[in-house]
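Reviewing the structure listed below.
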Amino acid sequence: MSGIIVSPSILSADFANLEREIQSVKEAGAGWIHIDVMDGHFVPNITIGIPVVKSLRKVTDLVLDTHLMIENPIKYIEPFAQAGADILTFHYEACRGDEEVKSVITKIKNSGVKAGISIKPKTPPEEIFPYLNEVDLVLVMTVEPGFGGQEFMHDCAMKIPKIKEQAPEGLIIQVDGGINNLTAKICTSLGANSLVAGSYIYKSCDYKKAIDSLL
């Protein structure tokens, strides 16, 4: 085992066959399943919500790594937790100030799931340093959130070592956006230990080969 958690994003999967698609990546070596929740407000696109998470919980025992790209995340923490999410990652930028960030983290933890905090490409990593001891996961976006298949932003990857330097032991540093066999190596060499990949895995003809190439 490399110690790197690969979390395929179902945003790029065949939505008509999600159970099959999740089982296929599990058999190919995926550790988690990444669920991109978009509301059409915080990001321009709209994807899936609570009913899909609930449905997926019934058909897989993989960790449901749920990324909330939504406004007012605190309102939806409990419903997503009750639906079966294992990790709830919210956006720092969706909160209005320090108190709201802390309230969201507290609500996630009180709901019995792991807490993640994510930053968009233009947000300096220093902004989330005060919360590194409170969360289980930090998600560094290496594309603008909202759409799959974008090109990897190399300058965003340089946030990884800065976060790692400040991070407590055991913090998961996840990267999402433009991850492929080349960019994965950049991220893990800088200290990332979880990789989200959507189109690179799901558009490949061999899921196992694609996942193995990220490790």
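A few notes on this one:
- Any helices (runs of 4 or more DSSP H) falling wholly within the stretch 39-144 and containing at least 3 residues that are under 21 Å from A197 (Cβ atoms) and of a type outside the set (S, T, Y): 50-57
- Residue match in the stretch 145-167 (condition: closer than 19 Å to I105 by Cα, of a type outside the set (A, V, I, L, M, F, W, C) and either without any contact (Cβ under 8 Å) to a residue 60 or more places away in the chain or surrounded by 20 or more Cβ atoms within 10 Å (Cβ to Cβ) (or both)): yes
- Criterion: under 29 Å from S103 (Cα atoms), β-branched (V, I, T), touching an Asp or Glu at 6+ places or on another chain (Cβ under 8 Å) and at pLDDT 95 or above - qualifying residue of V175, V135, V140: V140
- Odd one out for D212, checked against (1) more than 23 Å from S118 (Cα to Cα); (2) part of a strand (DSSP E or B): (2)
- Of all residues making up the stretch 172-215, the number that are over 22 Å from Y131 (Cα atoms), surrounded by fewer than 20 Cβ atoms within 10 Å (Cβ to Cβ), touching a strand residue (DSSP E or B) at 6+ places or on another chain (Cβ under 8 Å) and free of Cβ contacts under 8 Å to residues at least 60 places away in the same chain: 1
- Total residues in the stretch 117-131, condition within 22 Å of P44 (Cβ to Cβ) and surrounded by 18 or more Cβ atoms within 10 Å (Cβ to Cβ): 4
- The set of residues from the stretch 4-29 being surrounded by 18 or more Cβ atoms within 10 Å (Cβ to Cβ) and under 13 Å from V59 (Cα atoms) comprises L18, E21, I22, S24.
The values are calculated or read from the model by the stated rules, or taken from the named source; none is laboratory data. Bear in mind the structure is a predicted one, so any value in this text is a computation, not a measurement. Counting neighbours? That spans all protein chains shown, and the Cβs are built from the backbone with ideal geometry, glycine included.
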